[in-house]
Amino acid sequence: MFTRTELEVKSLRALRDLCLIQYGIQAIGNPADKASYINALLTFPVIACKQVSENKGLKSPMLSQVEALEATLEAMGTLTPEQSALLKVTMEGKKLEYPARYSQEKLFGLYRVKWHLDTALEILGML
């Protein structure tokens, strides 16, 4: 990620901004010392990778949870040809008049949920 040499040439303020503003990490030790920020920037990738291997923080869902997502996706069904056509015109920016627009927006929302669930399951299958 970073080399010690590239970090040592930065000012204390630049290092502080890099840690706190850019990456949201704290200095390791005295915040008035450049070395505290340099150490934090050099070690955070190692710490984050260790946390992943220890299943700490963000972690993969259990198989039963993935199966529940699959069941939800299956329960949502598939688009009819007419719904598919309505989605196409919706994505072209065309809107129905009310009250039919409520159904149009609901269909578009459901489609987005189904698409995101499908994408999530695809990504989870790669992990």
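Assorted remarks:
- Qualifying positions in region 15-34 - of a type outside the set (K, R), closer than 17 Å to T5 by Cα and either in contact with a Leu (Cβ under 6 Å, 6 or more places away or on another chain) or surrounded by 15 or more Cβ atoms within 10 Å (Cβ to Cβ) (or both): L15, L18, C19
- Filter pass, L87 being assigned to a helix (DSSP H, G or I), among the aliphatic types (A, V, I, L, M) and at pLDDT 95 or above: yes
Okay, residues lined up against (1) open to solvent by 80 Å² or more (accessible area, probe 1.4 Å); (2) among the acidic types (D, E); (3) under 28 Å from F2 (Cβ atoms):
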{"site": "N39", "(1), (2), (3)": "no, no, yes"}
{"site": "K50", "(1), (2), (3)": "yes, no, yes"}
{"site": "Q65", "(1), (2), (3)": "yes, no, no"}
{"site": "L73", "(1), (2), (3)": "no, no, no"}
{"site": "K88", "(1), (2), (3)": "yes, no, no"}
{"site": "L124", "(1), (2), (3)": "no, no, no"}
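- Evaluated against (1) of a type in the set (S, T, N, Q); (2) surrounded by 11 or more Cβ atoms within 10 Å (Cβ to Cβ); (3) assigned to a helix (DSSP H, G or I), S60 falls short on exactly one condition, (3).
- Where a residue in region 84-102 is more than 16 Å from V113 (Cα to Cα) and its partner, wherever it lies, is open to solvent by 100 Å² or more (accessible area, probe 1.4 Å) and not small (G, A, S), with Cβ under 6 Å and at least six apart: R101/K95
- All of (1) open to solvent by 50 Å² or more (accessible area, probe 1.4 Å); (2) part of a helix (DSSP H, G or I) hold for P45 with one exception: (1).
- Contact annotation: residue pairs with Cβ atoms under 7 Å, 6 or more positions apart or on different chains, pairing a residue in region 1-22 that is part of a helix (DSSP H, G or I) with a partner that is surrounded by 10 or more Cβ atoms within 10 Å (Cβ to Cβ) and among the small types (G, A, S), are C19/A27; C19/A40.
The values are calculated or read from the model by the stated rules, or taken from the named source; none is laboratory data. Being a predicted model, the structure only gives us computed values, none of them experimental. No Cβ is skipped: glycine too gets one built from the backbone with ideal geometry, and neighbour counts run over all protein chains shown. Ligands, DNA and RNA are excluded from the accessible area calculation, which covers all protein heavy atoms including side chains. Shrake-Rupley method; radii C 1.70, N 1.55, O 1.52, S 1.80 Å.
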